[in-house]
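The values are calculated or read from the model by the stated rules, or taken from the named source; none is laboratory data. Fair warning: this is a prediction, and the values are worked out from it, not measured in the lab. Don't worry about glycine lacking a Cβ; one is built from the backbone with ideal geometry, like all the others, and counts go over all protein chains shown.
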Amino acid sequence: MVMNWFRPLHLVPADTQINFMRIHRICFVFSLIITIGSVASIVLKGFNFGIDFAGGIVLEVKAPTPTADLAGMRTTLSGLGLGEVALQEFGAPDTVLVRIQRQDAKPNENPEKAQQRAVEAVKAALGDKYEYRRTDVVGPKVGSELINTALLAVGLALLGIALYIWFRYEWQFGVNAIIATFHDCLTTCGLFSLLGLEFNLTTVAAILTIAGYSVNDTVVVYDRIRAELRRYKKMPVSDILNLSINKTLSRTTVTSGLTGLSVVALYLFGGEVLRGFSLAMIWGILIGTYSTIFVASPMLIYMHLRRDRGEAKPAASAAGAAGAGGAARP
């Protein structure tokens, strides 16, 4: 006798019947408010761009000890009055990447001389016991190019998601999925703008990850909706949406919960370097799950979905075969 040792994990009972569509109009209003708020914050307040985008100085430093004292180095460099200073372990425990914001030049001073003065101040503060392996200066032109590249990457990712869902489902699904994904990415940017958090390449990576996570959750629900639409021809679309979301709710809860636990651990114990990334991912998981249930799915109510897709051709073929058979009879 084979015993079933492994059973599926269900955090939500299989017979759950939550009426999500009852509040979908309220959720539409809420989504509209936070979207407009995000746009307003981005336009009026802007972003706190990190060195990746704003330009600055990068030094690769090797500590004299097996493990670099990041806290001590950060305290030392923060007192130099050089503005934003970021440190992170780079490749090995004794190697540190030091990032300093671009320095403003004095009147009639060469901008490059201002950057060199900051580098010399860092070396004087840390002392000769450190080995300075590399020094790079990121200019504002490079930062501008990185901003354009980041925008292009996010735009192409959203376009690719829309085309994939459009190809796999009907066009209504693709349009709704791209709206929901854009909603998630835009509100994440709005959160960073509102809180004044550093916006850098790591944040862009988080936004792209959120886009992928959001569309993955949406596709799972859309698969169930498409199956139920074919099964129940007379059931109202809102009831089918409730049925589909409830049937996938356990999977959504487990996936979001486990991913959320990992990201919360990163936020609490990952250090300053991963703080922005993990915060973006926490928000992305919450808003991505919300948008799948209360944005991407309810919008299908107003999209006039066809329930007979894939059935018209077989019916026509059968009618054609019957006609051919009748013509062949003597």
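Some notes on this structure:
- Of all the numbered requirements in (1) small (Gly, Ala, Ser); (2) touching a helix residue (DSSP H, G or I) at 6+ places or on another chain (Cβ under 6 Å); (3) touching a residue at least 60 places away in the same chain (Cβ under 8 Å), Gly196 misses one, and that requirement is (2).
- Subset of segment 188-227 (residues that are among the acidic types (Asp, Glu), assigned to a helix (DSSP H, G or I) and surrounded by 17 or more Cβ atoms within 10 Å (Cβ to Cβ)): Asp217
- Filtered residues of segment 112-137 (kept if among the hydrophobic types (A, V, I, L, M, F, W, C), without any contact (Cβ under 8 Å) to a residue 24 or more places away in the chain and closer than 22 Å to Thr65 by Cβ): Ala124
Okay, residues lined up against (1) modelled with pLDDT under 85; (2) of a type outside the set (Gly, Ala, Ser):
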{"residue": "Trp166", "(1), (2)": "yes, yes"}
{"residue": "Gly174", "(1), (2)": "yes, no"}
{"residue": "Ile179", "(1), (2)": "no, yes"}
{"residue": "Gly190", "(1), (2)": "no, no"}
{"residue": "Ala206", "(1), (2)": "no, no"}
{"residue": "Arg226", "(1), (2)": "no, yes"}
{"residue": "Lys233", "(1), (2)": "yes, yes"}
{"residue": "Ile245", "(1), (2)": "no, yes"}
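- Residues that are of a type in the set (Asp, Glu) and under 13 Å from Leu82 (Cβ atoms), drawn from segment 102-126: Asp104, Glu120
- In segment 125-143, of all residues being outside any loop (DSSP other than H, G, I, E, B) and hydroxyl-bearing (Ser, Thr, Tyr), the one that is modelled with the highest pLDDT corresponds to Tyr132.
- Flag for Val254 being assigned to a helix (DSSP H, G or I) and more than 30 Å from Gly50 (Cα to Cα): yes
- Within segment 96-107, residues that are in the same structural domain as Gly72 (by TED's automatic domain parsing) have Cβ atoms under 9 Å from residues that are hydroxyl-bearing (Ser, Thr, Tyr) and surrounded by 14 or more Cβ atoms within 10 Å (Cβ to Cβ) in these pairs: Val96/Tyr130, counting only partners at least 6 apart in sequence or on another chain.
- Among all residues of segment 24-31, there is at least one that is in contact (Cβ under 8 Å) with a residue 60 or more places away in the chain, surrounded by 14 or more Cβ atoms within 10 Å (Cβ to Cβ) and of a type in the set (S, T, N, Q).
So that you can scan it fast, the table gives a plain yes or no per residue for (1) assigned to a helix (DSSP H, G or I); (2) surrounded by fewer than 17 Cβ atoms within 10 Å (Cβ to Cβ); (3) at pLDDT below 50; (4) among the hydroxyl-bearing types (Ser, Thr, Tyr):
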site	(1), (2), (3), (4)
Val273	no, yes, no, no
Gly276	yes, no, no, no
Gly288	yes, no, no, no
Ser317	yes, yes, yes, yes
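- Of all residues in segment 165-181, one or more are more than 17 Å from the chain's Cα centre (by Cα), outside any helix (DSSP H, G or I), over 28 Å from Leu59 (Cα atoms) and in contact (Cβ under 8 Å) with a residue 40 or more places away in the chain.
- Count of segment 71-92 residues which are on the phi < 0 side of the Ramachandran plot, surrounded by fewer than 17 Cβ atoms within 10 Å (Cβ to Cβ) and not in a strand (DSSP E or B): 9
- Subset of segment 54-70 [in a helix (DSSP H, G or I) and either surrounded by fewer than 20 Cβ atoms within 10 Å (Cβ to Cβ) or touching a Ser or Thr at 6+ places or on another chain (Cβ under 8 Å) (or both)]: Leu70
- Sole exception among (1) closer than 19 Å to Arg168 by Cα; (2) not in a helix (DSSP H, G or I) for Lys234, by number: (1)
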